[in-house]
Amino acid sequence: MSTAASPRPRIDAAQRRARLGHRHRLAASAKAATAEEAADALLGLHATDAATVHLSVRARLADPDPAALDRALYEDRTLVRMLCMRRTLFAVSTTLAPVVAGAAAVAVAAKERRDLTKWITEGLPDWDARRLAEVEARTLAALEARGEATAADLAADVPELRTTIVSFPGKSYEATVAVSSRILRTLAAEGRIRRGRPRGGWTSSSFRWTPGTVFACPDAPDPAEARTQLARHWLASYGPATADDLKWWTGWTLTDTRRAAAAAGAVDVDLAEGPGLALPDDLSPVPEPAPWAALLPALDPTAMGWKSRDWYLDPDHVRPLFDRSGNIGPTVWWNGHIVGGWAQRAEGDIVWRLLTDVGQEATEAVRLEAERLREWIGGVRVTPRFRTPLERELSA
């Protein structure tokens, strides 16, 4: 006598939003104690826009001390900026850095090296791989001698860094690029130099460079094992989710994604959008957190954490909240939903707009969050690197 196969566990959108509130440290009862704890909850802080790193941590700390992240990045060095998943810059804790290096950053660095060599040798006929290596060696020596330097400082010591290449000649997006920017980016991707304290405040991306970094790519786990570990960490923070979500977030091939998820012990579940993956100990319902509101910055890891977003973002709200390249702007959250957007005006006021009618309780909670954010930011002015329609309208 045959028996029917057991149905796959079903995890609905409400349960996914409950997990998000707890695990992404956004619910009041789940706030992090340190910047490192906040970063680990998300597996890394999106760092393409320097301001995002600070604002993402602020939203998740029980006591959002403005100096806490500076200490972690530049004094204790317990957070390191790495070019990793999706060839995107993240600030990752030194605890997870070896896993992220093995799972993503080493491969990204290898591609950066290939692309740099091709770009240099095709754009500068009198340069070859040997000359590039010689310029890099002198750059590293100059940085070692200085201890800390900007790209301009290093170009004063190594004049070849001032050499420029015209990229995409004749195109509407033609640009003249100094070789220093690509060389320093590649050296950083390889872990040979690191981004230090920026010139200016915490919104600045004009970094000083320092020798070495706090992780070493050769010490990273075997790539397959690192991918397994990262998949397990990701499912613990972002799951249940689809295989496409994991593939998109990591930038892996579909084959590597499936192998890593299987090795991590992921089990099949049903989600509203179809088949999904979860860790075997994450199938039972989790309690709903108390109602919570959050104002998250542009490119926040939670807002950008999944490829399929309908369970927390109304598709009708994509156009005002995203730019044409798919970068999300500042968002207003209520109980695991994106319900609006916010911006800062020139005089410093935080302004926001709800795109969904969420009622009086939510509206008041958002208002209080906006006041707290305004007080925390103080006299700093924050303009997202990637402007979105709603952010532009609100900030005008």
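Annotations for the structure displayed:
- Per-region count, segment 255-278, residues in contact with a helix residue (DSSP H, G or I) (Cβ under 6 Å, 6 or more places away or on another chain), without any contact (Cβ under 8 Å) to a residue 40 or more places away in the chain and surrounded by fewer than 17 Cβ atoms within 10 Å (Cβ to Cβ): 1
- Test: residue in segment 91-108 that is under 29 Å from Thr164 (Cβ atoms) and surrounded by 20 or more Cβ atoms within 10 Å (Cβ to Cβ): yes
- Residue in segment 343-353 that is under 29 Å from Leu89 (Cβ atoms) and in contact with an Asp or Glu (Cβ under 7 Å, 6 or more places away or on another chain) present: yes
- Of the residues making up segment 68-99, those that are over 16 Å from Glu37 (Cα atoms) and either touching a residue at least 12 places away in the same chain (Cβ under 8 Å) or in contact with a Pro (Cβ under 8 Å, 6 or more places away or on another chain) (or both) are Tyr74, Met82, Leu83, Cys84, Met85, Arg86, Arg87, Thr88, Leu89, Pro98, Val99.
- Some residue of segment 290-303 being on the phi < 0 side of the Ramachandran plot, at pLDDT 95 or above and surrounded by fewer than 18 Cβ atoms within 10 Å (Cβ to Cβ): yes
- Some residue of segment 78-98 being over 24 Å from Trp248 (Cα atoms) and not assigned by TED's automatic domain parsing to the domain that holds Glu375: yes
- Scan of segment 337-355 for residues that are under 22 Å from Gly305 (Cα atoms) and either of a type in the set (Phe, Trp, Tyr) or out of contact with any His (no Cβ under 9 Å at 6 or more places or on another chain) (or both), ordered by number: His337, Trp342, Ala343, Leu354
- Qualifying position, being closer than 21 Å to Arg87 by Cβ, of a type outside the set (Val, Ile, Thr) and buried (at least 17 other Cβ atoms within 10 Å of the Cβ), among Ala155, Ala142, Ala151: Ala151
- Put simply, of Arg113, Arg162 the only residue that is in the same structural domain as Arg197 (by TED's automatic domain parsing), in contact with an Asp or Glu (Cβ under 8 Å, 6 or more places away or on another chain) and either free of Cβ contacts under 8 Å to residues at least 40 places away in the same chain or surrounded by fewer than 23 Cβ atoms within 10 Å (Cβ to Cβ) (or both) is Arg113.
The values are calculated or read from the model by the stated rules, or taken from the named source; none is laboratory data. As the structure is a prediction and not an experimental result, all values here were calculated from the model. Cβ sites come from the backbone with ideal geometry, for glycine too, and all protein chains shown count toward neighbours.
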